[in-house]
Amino acid sequence: DHLTVHPAFQTAPGGRVRHPQLSDPALQLAALDRQTVAALRAGQAPLWNPDIYGGAPLLADAQSRPGAPVTWLKALLPDHPALAQDLGVAGLLLAFGAGSLALAAQLGLGPLAALGAGLASLASPYLSVWLLHPHASTLVWLPWVLLAVERRHPVALALAVAGLCGGGHPGTLVHALGIALGWGLLRARAPVLLLGALAGGLLAAPLLLPIAENGLQSTTFGARIGGRLAPAQLADLLWPGAWGHPATTGHRGPGAWADGQLHPGLATLALALWGARRHRIARGLWGAFALLVLASLVGLPGPFAHGRLASLGAWLLCLAAGFGIAALPGRRLPALALVAVVATGIHARWHDQGSLPAEAHQPAPAPWTTALRAAVSTGPAGPGRVLGLGWMLQPNTGALAGLRDLRGYDLPVSATTHRLMAALASPPRGPWYPVERLPPRSLLDFAAVRALVTAPEARDEGAADPTAGLAPLDVGPAPVAVHLLDATAPRAWLATGWQAVPDATAGLQALVRAPAVPRARPPVEGLGPGPAGGTVHPVQLTEHGGAALDLRLAPADRPSAPALVVVADAWAPGWRARVDGAPAPVLRVGGVFRGIPVPAGAREIHHYYRPDGWIWGQRAAVAGLALLLALAAGRAWRRRIARTGTAE
C-alpha cells in the first residue's frame, strides 16, 4: 500500500501506509521485478535496466534476483501478479519450514519434535520481516544447505548452495555461508563437501560474478558499513515488540526496527531453553546464537549489514525448540507444545506482514502518467526521460508507470552514475537523490529529458518558479504539474567535427556550464569539441530489451568522414558495439554518456551490454556442471561398491 501515497498512482493526494518501515518491495523491488520478468519472458538475460539512473546494471544490482523461484512465478503468471506473489510467499514459508523439519529429523528428533521445529521456523523473525525481500528468498536455502552437510551429500549441497547464491541478497548470502561453514567444521569434516560447495558456487557464477564486478566498481560499496545491534534491542528477545511496532504504535527503540527483531515466539523460546537443559545439540545451537548476537553487537568488517546476524540467528532457537519438545514427557504435553508454538509464533509476528486486496497493494498507475508517457515517447530516437522535482515523481515508482527517470533509488552506484547525480543536485543525497531545483537545461537536453514534473504551485512564497518559460502539458486531473522541455530531444545522434580531450570529469563540468545547445558541441572523452560548424543528426534507435540497441543512419545522414554516434544513456563497463559488423570501442561522453566512433559511410550499429562478469560466469557455470556430474557419478560408484562389494 506504499504506492497509494505516491503521485504516480494518484489523481488527488491521499492514501494510507500501514507499515512504513517496509517500503522497499513497492518503491524499489517492484520496478526491478518488472524489468527482470520482462527480460525472462522475452528469453533474454536481465542484464540492463534502462528505467533509472539513465540506465544501470540489472542482474548485477544485487536486488533483482532473477535466479529465485519467486521471480520465476512472476514470469510464469504475468497476468496474475497478486496470485504470483501469494504463491511465492507460500512457497518461501513451505520451503523454509520443510527444510527446518527435515534438518531437525536428521539431527535425531522424532516426527512430532521435528514438526515442532519446522512450525517454529515459520515464525522466525528474519524470515517474517523480510518475507517480500530478496533476504527471504536467500534465507530459505540455509536449512537445506545444513541438511546436505549433515548427510554428507555433495550433490545435494551443490544444488542447495546454488539456490542460496541465486536468492538475490548478497548480505544474507554471506551470513548464511558463514553459518554453514561453522556448521560444517563442527559437524561434518568431509573434504568432498568442499567440492560440492564449489560446484554450487560455480553453477551460480553467472549471477554472482556480475554482482561482484559491479559492486567493486561502486562508489557506495566502500561507503556502506556493517552496522551494529544496539544492546537495548535485545529486549525484543524477551518480549515481542518490546520497543513498539511500526504497524501499530510506532517503533520507539534505538537502531533499525528490522535489525532488532529477535523474538521467535514465547513458547519457542521456553522450549529452546528447556531443550538446552536436556540435549547437547540444543546447547550448541544456543551457543551459536550467542556468537551471532555478539557479532551483531560488536560489529564485523565489510559492507554488509552485520547488525542483522542476531535476527537471522534466532532461527537456531527454533531448531533448539524441537529438542525441548522431544524432552517433554508423555504424548499430551508435546501436542500441546505444538499448539503453543504456533499460537505464540503468530502472536509475535502478527503485525509484520498483512494481506490486502490487489487493488490496495498493486494500484494501477494514474491516468495522467499515460498522457505524460505518450508525450515523451514519440519520435524515432526512442522513449525520452522525465525528471521530478522534490518528491513529485520518485525514482522507481515512475518506472512502474512506464516512465524513465534520470534518477534512481539505492543499489550499487557507479562513479559514472554518482557523477550524474552530482550534476543534478550537489551534493548528491542517496539513496533517493532528490532534486529540488531545476538542473542546467544543457544537461537535461543532452540526457533526453523531455518533461519536468513539479508540485502544482511553488511551495514557498516568493520562491523562483522552476517552470518559468516552459510549456505546460495538460495531463488531466493530477496532484502534479507537468511541463515540456525539448519534446524532440533525441536519445541518439550523429556528431561530426571532433578532436581529442583527455578528462571525462572536466567534460561533464563543461557540458553542464555550456550556454549553447550542448548537442552541437558536446565534450567527449577521447573526442572533443571540433571546429565551429560541427553538426548533429538524430539517429533512429530501436531497443531489443534493456541490454541491446540497434542504431540506423539514414542515407542522407551517413558521415563523409569519421564521426561519433552519441547515445544519451549511462556509460558502464561492458557496453560493446559493432559498426556494420566490425567491433568498435564505446567511449564515455561528457563523463557520463556513451559514444561510438564510426567511419565514413557507416550505416548501422549494434550496441549491446555484456559485462565481463556475465561472460566469465557462464564459463564457470559449465565447469560447475561438469564438477556436479563428476560428483554424482562418484557417489553412484561408491554406492554400487557398497552394495555389491566389488568394483567390476
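The values are calculated or read from the model by the stated rules, or taken from the named source; none is laboratory data. Just so it is clear, the model here is predicted, and its values are computed rather than measured. Neighbour counts are summed over all protein chains in view; Cβ atoms, including those assigned to glycine, are modelled from backbone coordinates with ideal geometry. The area values use the complete protein model at the heavy-atom level, side chains included, leaving out ligands, DNA and RNA. Shrake-Rupley method; radii C 1.70, N 1.55, O 1.52, S 1.80 Å.
Listed values, structure above:
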item: Per-region count, segment 296-316, residues of a type outside the set (A, V, I, L, M), farther than 23 Å from residue 279 by Cα and part of a helix (DSSP H, G or I); result: 5
item: Count of segment 1-52 residues which are closer than 24 Å to residue 611 by Cα, assigned to a loop (DSSP other than H, G, I, E, B) and touching a Ser or Thr at 6+ places or on another chain (Cβ under 9 Å); result: 1
item: Yes/no for residue 580 being at positive phi and at pLDDT 85 or above; result: yes
item: Some residue of segment 201-217 being under 30 Å from residue 416 (Cα atoms) and part of a loop (DSSP other than H, G, I, E, B); result: yes
item: Residue pairs meeting the criteria (Cβ under 8 Å; at least 6 apart or on separate chains; first in contact (Cβ under 8 Å) with a residue 40 or more places away in the chain, in segment 53-78; second open to solvent by 40 Å² or more (accessible area, probe 1.4 Å) and of a type in the set (S, T, N, Q)); result: 74/85
item: Count - residues of segment 28-45 that are open to solvent by 10 Å² or more (accessible area, probe 1.4 Å) and touching a helix residue (DSSP H, G or I) at 6+ places or on another chain (Cβ under 8 Å); result: 8
item: Residue, nearest to the chain's Cα centre (by Cα), within segment 60-76, restricted to residues that are among the hydrophobic types (A, V, I, L, M, F, W, C) and at pLDDT 95 or above; result: 68
item: Residues satisfying the stated conditions in segment 306-342, i.e. of a type outside the set (Lys, Arg) and open to solvent by 30 Å² or more (accessible area, probe 1.4 Å); result: 326, 328, 329, 330, 333, 335, 336, 339, 340, 342
item: Those residues of segment 343-400 which are of a type in the set (S, T, N, Q), open to solvent by less than 40 Å² (accessible area, probe 1.4 Å) and in a loop (DSSP other than H, G, I, E, B), in sequence order; result: 394, 396
item: Residue within segment 427-436 that is out of contact with any strand residue (DSSP E or B) (no Cβ under 9 Å at 6 or more places or on another chain) and crowded, with 18+ Cβ neighbours inside 10 Å present; result: yes
item: Segment 554-575, residues that are open to solvent by less than 30 Å² (accessible area, probe 1.4 Å) and within 19 Å of residue 448 (Cα to Cα); result: 564, 565, 566, 567, 568, 569, 570, 572
item: Residue 289 vs. criteria of a type in the set (A, V, I, L, M, F, W, C), open to solvent by 50 Å² or more (accessible area, probe 1.4 Å) and either closer than 25 Å to residue 244 by Cα or not in a helix (DSSP H, G or I) (or both); result: no
item: Criterion (in contact with a Gly (Cβ under 7 Å, 6 or more places away or on another chain) and not acidic (Asp, Glu)) met by exactly one of 287, 307; result: 307
item: Residues (touching a residue at least 40 places away in the same chain (Cβ under 8 Å) and either small (Gly, Ala, Ser) or under 11 Å from residue 32 (Cα atoms) (or both)) located in segment 389-408; result: 390, 396, 397, 398, 399, 400, 401, 408
item: Tally, over segment 151-200, of residues that are open to solvent by 60 Å² or more (accessible area, probe 1.4 Å) and in a loop (DSSP other than H, G, I, E, B); result: 2
item: Residue list for segment 405-418, restricted to those being among the charged types (D, E, K, R) and surrounded by 24 or more Cβ atoms within 10 Å (Cβ to Cβ); result: 405, 407
item: Single unsatisfied condition, residue 374 versus (1) over 30 Å from residue 549 (Cβ atoms); (2) at pLDDT below 95; result: (1)
item: Neighbours by Cβ (under 7 Å, 6+ apart or cross-chain): first from segment 300-329, within 28 Å of residue 107 (Cα to Cα); second in a helix (DSSP H, G or I) and among the acidic types (Asp, Glu); result: 308/259; 311/259
item: Single match in 468, 458, 489 (criterion: out of contact with any strand residue (DSSP E or B) (no Cβ under 8 Å at 6 or more places or on another chain), assigned to a loop (DSSP other than H, G, I, E, B) and modelled with pLDDT of 75 or more); result: 468
item: Which listed residue, of 266, 317, 294, 312, is over 18 Å from residue 116 (Cα atoms) and touching a Pro at 6+ places or on another chain (Cβ under 9 Å); result: 312
item: Residues satisfying the stated conditions in segment 600-632, i.e. within 15 Å of residue 159 (Cα to Cα) and more than 26 Å from the chain's Cα centre (by Cα); result: 623, 625, 626, 627, 628, 629, 630, 631, 632
item: Segment 579-601, residues that are surrounded by fewer than 22 Cβ atoms within 10 Å (Cβ to Cβ) and assigned to a loop (DSSP other than H, G, I, E, B); result: 580, 581, 585, 586, 599, 600, 601
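Quick grid of which residues meet (1) under 19 Å from residue 130 (Cβ atoms); (2) modelled with pLDDT of 95 or more; (3) part of a loop (DSSP other than H, G, I, E, B):
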| position | (1), (2), (3) |
| --- | --- |
| 245 | yes, no, yes |
| 250 | no, no, yes |
| 253 | yes, no, yes |
| 264 | yes, yes, yes |
| 267 | no, yes, no |
| 274 | no, yes, no |
| 284 | no, yes, no |
| 318 | yes, yes, no |
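Yes/no matrix, rows are residues, columns are (1) in contact (Cβ under 8 Å) with a residue 24 or more places away in the chain; (2) within 26 Å of residue 21 (Cβ to Cβ); (3) over 18 Å from the mean Cα position of the chain (by Cα):
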| position | (1), (2), (3) |
| --- | --- |
| 111 | no, no, yes |
| 138 | yes, yes, no |
| 145 | yes, no, yes |
| 148 | yes, no, yes |
| 158 | yes, no, yes |
| 166 | yes, no, no |
| 171 | yes, yes, no |
| 174 | yes, yes, no |
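Yes or no, residue by residue, for (1) among the charged types (D, E, K, R); (2) open to solvent by 60 Å² or more (accessible area, probe 1.4 Å); (3) part of a helix (DSSP H, G or I):
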position	(1), (2), (3)
577	no, no, no
605	no, no, no
622	no, yes, yes
631	no, no, yes
640	yes, yes, yes
